[in-house]
Amino acid sequence: MKLTFKIWRQESTAVHGRFESYDLEGAGAEFTLLEALDKLNDQLVSTGKEPVAFDSDCREGICGSCGVTVDGQPHGPVANTPSCRQHLRSFPDGSTVVLEPFRSGAFPVVKDLAVDRSGLDRIIEGGGYVSLAAGTAADADAHPVSHDTAEAALDFAACIGCGACVAACPNGSANLFTGAKLMHLSLLPTTAVERGSRADGMVEAMDEEFGPCSVFGECVQVCPAGIPLTAIAGLNKEKLRAVLRGRGK
Amino acid sequence: MTISSTATTTDAPLTLDDLRTLGEPIAGGQPTGDPAEAWADRKLHYKLVSPLNRRKFTVIVVGTGLAGAACAAALGEQGYNVHSFTFHDSPRRAHSVAAQGGINAARARQVDNDSLARFVKDTVKGGDFRAREADCWRLAEESVRVIDHLDAIGAPFAREYGGQLATRSFGGVQVSRTYYTRGQTGQQLQTAASQALLRQVAAGTVTLHTRSEMLDLIVKDGVASGIVVRDLISGEIWSQTGHAVVLATGGYGNAFFKSTLAKNSNVSAAFRAHRRGALFASPSFLQFHPTALPLGSDWQSKTILMSESLRNDGRIWVPVAPGDPRAANDIPEAERDYYLERRYPAFGNLAPRDVASRAARDEIEAGRGVGPLQNSVYLDFRDPLARIGRTVIEERYGNLFEMYADATGESPFEVPMRIAPGAHFAMGGLWSDYDLMTSIPGLFVGGEAGWAYHGANRLGANSLLSANVDGWFTLPASIPNYLAPLLGTPALPADDMAVIRTVAETEGAVQALAASPGTQGPDRFHRRLGEILYARCGVSRSAAGLSEGIRLIRELRADFQRDLRVAGTAAGFNQELERAGRVADFIDLGELMCLDALDRDESCGAHFRVEHQLADGEAARDDDNWAFVSAWERRPDGRYRRHAEPLTFESVRPQTRNYKTS
């Protein structure tokens, strides 16, 4: 099939970018979007042009490295699917596909389609961890966790940290990301003692770089890990709980 | 003739003596006596650094996957001054996330007769007696508290309805010792480890450098003293010195281009340490995973892994008749060959990976392969779906089925999956002694970048285990032992000649690469290398094929040097430049893999030489001549010298691996 890609090209964070169009021929409907970019880059390099920079790693939807905005939609046309698992079969033969980086003030463009998502790591640094040193843990079988609780924790822990939720939000909010981590950890028994300080610390770090929740729920429509909207309700609950019960609980 | 300078295109067949010389034996330094007591004995004798002195030591940890993040976090927790490096944009990304099925631990809580000794037996036997036995004992012993630790720091392990940790079985094992979180165990452990690392970043003990790639090792008077790094965003090349350097930089299966690995996984950090003198162990021991997705098109970027855990319930088969044109569901039971169950009744579909991969290759080569390109076999869930129902299957494998359906457009609930062997895990890696120190003092290695546990074939769910044990428990004990006598010695100053010279050499090499004047990008050469390696150094190997492989790789290197084009400049973000440097190392590694495979004149584990097979087609190991690990020394002129570390077995008697009856 033949596609025209209209792609955002930007040399670095410091300079302005622009769209450029490229024709890609000989791609198949079974190609993933990123395989199409691989082929396009091969074509660009062999004709003396500069390839399009984009982040990707595992190519199976688990690492969270990839993420481009496709026709205005973070990750691409298929909902809840990362860019590496979007396929060309979603696009009519001969169509034009617009590719941009994830769009958010909190994600400065590094180059072309690659952005800086380190703000998400700074939210984790705010308290998204368990303060427990190697070797000091108690026997994991000594504290039973119900099957359903473990499964629920995993539903939230499934976040791959791609940042699509932030890119989808008109406010550039990281509430879904932060809420998922708070819910994941507060469901597990070994992490309960830090619950209050964790909620305080993570929300404070989040508010420094990201916008407030827009209440639109666009984040859950793009999330490749299927994090449920209850993560945001959970975030509000954890915040309130920290206020009522104090940081140390 | 040299191994790796410019290529020769002479038609004269290569002989081993042209290619390598033999060096002295080397020793692993494990405690003598009962290997079951080795780790306790060694820890008792390790020197310690008192808490107040720890911040005086700088430790550099390269890589933030499971082994690297864990090691950096654990050393930071102890109070050392740690610098942690990753080429990713975040420490949560590492390829460790892709491990799906689980992590083994010999906790032996069930009554299925598991024990530390049985774990060691399974691991040593699974590795076809080419691992260091004492290291396997350490792995078994530490596996118990690894689960406790990971559970406590936030990995939501699957639980039984009574609240206890759930387990399942993996290949090459007849007990249930694999702990898991659905099909995303690696991701959950990596998330927990990266959180622990970020906790230390917040505490100020660890300085994290993201998008920073190690390009060289600084060696001063034979001792590892720092690294040279390229800031991938600004392009700046700078150095970090320290008292010890840890490489936890993962495996090299991407030499095959199409593999189960993440696209950015590479051998460069390890290989550049190798160029600086670190011995490289068993480079040809590369595992082909039997349950990878088959290739569909030229531009398919990888052979996505389908977890081995699927073999707990899925049944592998091919049609009895070669070229059977019918759809899988139309082939009656009597015309299906469940060949693993037939050939290996005791282990059935859970035969070890090397055995399962070779059996699949046998069927495909005999014309019984399935799918449009006849390059795969079926993995069928029809029977378990009928037996235990869709809900249970979904809970066990839901995300794997989804991933498969997404990649192929077929639902495993409706039709059998199609799978094929794909390049996967590197059992080989930088040689290290029992303390995980390489042949360069001060340079340590952890996780898949090292070599010691898996011999010639890794058992499923032992990779997450070895990365975690190295990172959380072994390196944080063995590195202080190395540091303790250095108290009072400052790290190498940044203006030392060794630092300035190594930085200048790196800058020169990067500039030269960036100025490559050819016409083809690095991926073109990488794809060619992968094709050569799959054909010559793949699931089965022959002397003639390997010699030809070396010749072809030399031709490839010459083409690379002549016709490489690196778009853009060395200043700033340049992924082509990153790839070009990695491909150059893969080419040299590829030649070394062929050399190692040619040199090792036996079959063992994943290394199958067609000249050495038993009457029934199984691998013929040669313990009289090859009961050692090959550790390759790269001479300054690029020629190779092979050293040998003899392997002895005290607790597991070497035997022919038998998965048919026991």
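Listing for the model above:
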{"read-out": "Debye log10 I(q)/I(0) for segment B:116-228, one point scatterer per Cα, at q = 0.10, 0.15 Å⁻¹", "value": "-0.50, -0.94"}
{"read-out": "Inter-label distance for residue B:571 and residue B:334, nm, one decimal - labels placed 7 Å from Cα along Cα-to-Cβ", "value": "7.7"}
{"read-out": "Within segment B:118-183, chymotrypsin sites (Phe, Trp or Tyr not before Pro) in DSSP loop having at most 14 other beta-carbon neighbours inside 10 Å", "value": "B:161"}
{"read-out": "Karplus 3J(HN,Hα) series, Hz, for segment B:625-639 with 6.51 cos²θ - 1.76 cosθ + 1.60 (x for Gly, Pro)", "value": "10, 10, 7, 8, 9, 7, 10, 8, 9, 8, 6, x, 7, x, 6"}
{"read-out": "Share of pairwise Cα separations in segment B:531-662, more than 16 Å, in percent", "value": "71"}
{"read-out": "Protein accessible area in chain A, 1.4 Å probe - carbon and sulfur %", "value": "52"}
{"read-out": "Distance between modelled label sites at residue B:45 and residue B:616, nm, 7 Å Cα→Cβ extension", "value": "4.3"}
{"read-out": "When the convex hull of its Cα atoms is projected in every direction, mean area for the protein assembly as shown (nm²)", "value": "34.8"}
{"read-out": "Counting all C-alpha pairs of segment B:1-138, share separated by more than 23 Å (%)", "value": "65"}
{"read-out": "Segment B:562-649: GluC sites (Glu not before Pro) in DSSP coil with no more than 14 other Cβ atoms inside 10 Å", "value": "B:611"}
{"read-out": "FRET efficiency, residue B:486 to residue A:21 (Cβ-Cβ, R0 60 Å, nearest 0.05)", "value": "0.55"}
{"read-out": "Fraction of accessible area attributable to carbon and sulfur, chain B (%, probe 1.4 Å)", "value": "51"}
{"read-out": "The protein assembly as shown - mean residue ellipticity at 222 nm from DSSP helices (-39,500 (n - 2.57) per run, n ≥ 4, rounded to 500)", "value": "-10500 deg cm²/dmol"}
{"read-out": "Formal net charge of residues neighbouring residue B:263 (Cβ-Cβ distance under 12 Å; K, R +1; D, E -1)", "value": "-1"}
{"read-out": "Two-site label geometry, residue B:22 and residue B:494: point separation in nm, points 7 Å out along Cα→Cβ", "value": "4.9"}
{"read-out": "Using distinct alpha-carbon pairs, which all enter the 1/r mean, Kirkwood radius of segment B:271-404 in Å", "value": "16.7"}
{"read-out": "For residues of A:27-40, the mean tally of beta carbons on other chains within 10 Å", "value": "3"}
{"read-out": "Highest-fluctuation residue, A:184, A:75, A:143 considered, GNM on chain A with Cα pairs under 10 Å", "value": "A:143"}
{"read-out": "Over chain B - Rg/Rh using Cα atoms and the Kirkwood inverse-distance radius", "value": "0.95"}
{"read-out": "Shielding by other protein chains, B:397-404, mean Cβ within 10 Å", "value": "2"}
{"read-out": "Per residue, in Å², the accessible surface of segment B:289-423 once ligands and nucleic acids are set aside, probe 1.4 Å", "value": "36"}
{"read-out": "Residue B:32 - accessible surface, heavy atoms, 1.4 Å probe, Å² rounded to 10", "value": "140"}
{"read-out": "Cα-Cα over 21 Å, subset of B:121/B:660; B:43/B:125; B:302/B:660; B:125/B:660; A:6/B:302", "value": "B:43/B:125; B:302/B:660; A:6/B:302"}
{"read-out": "Local electrostatic count at residue B:458 - Lys and Arg +1, Asp and Glu -1, tallied over other residues with Cβ under 12 Å", "value": "-3"}
{"read-out": "Kyte-Doolittle at least 0.5, axis length at least 20 Å by Cα - qualifying DSSP helices, chain B", "value": "B:497-514"}
{"read-out": "Evaluated over chain A, the Cα radius of gyration and Dmax, each in Å", "value": "20.3, 64"}
{"read-out": "Partner chain coverage, peptide B:202-213 - average Cβ within 10 angstrom", "value": "2"}
{"read-out": "Calculated Rg and Dmax of segment B:550-616 using C-alpha coordinates, Å", "value": "17.4, 59"}
{"read-out": "Proximal lysines to residue A:239, defined as alpha-carbon separation beneath 19 angstrom and excluding residues fewer than eight positions away on the same chain", "value": "A:181, A:249"}
{"read-out": "Kirkwood Rh, angstrom, segment B:449-490 [1 / mean 1/r, Cα pairs]", "value": "12.2"}
{"read-out": "Accessible surface buried once B binds A (1.4 Å probe; total of both sides; Å²)", "value": "6100"}
{"read-out": "Kirkwood hydrodynamic radius over Cα pairs of segment A:2-114, then Stokes diffusion coefficient at 25 °C and 0.890 mPa s, in µm²/s", "value": "174"}
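The values are calculated or read from the model by the stated rules, or taken from the named source; none is laboratory data. Everything numeric in this text was worked out from a predicted model, so none of it was measured. Every residue, glycine as well, gets a Cβ built from its backbone with ideal geometry; the counts of neighbours run over all protein chains shown. Just the protein is used for accessible areas: all its heavy atoms, side chains included, with ligands, DNA and RNA removed. Shrake-Rupley method; radii C 1.70, N 1.55, O 1.52, S 1.80 Å.
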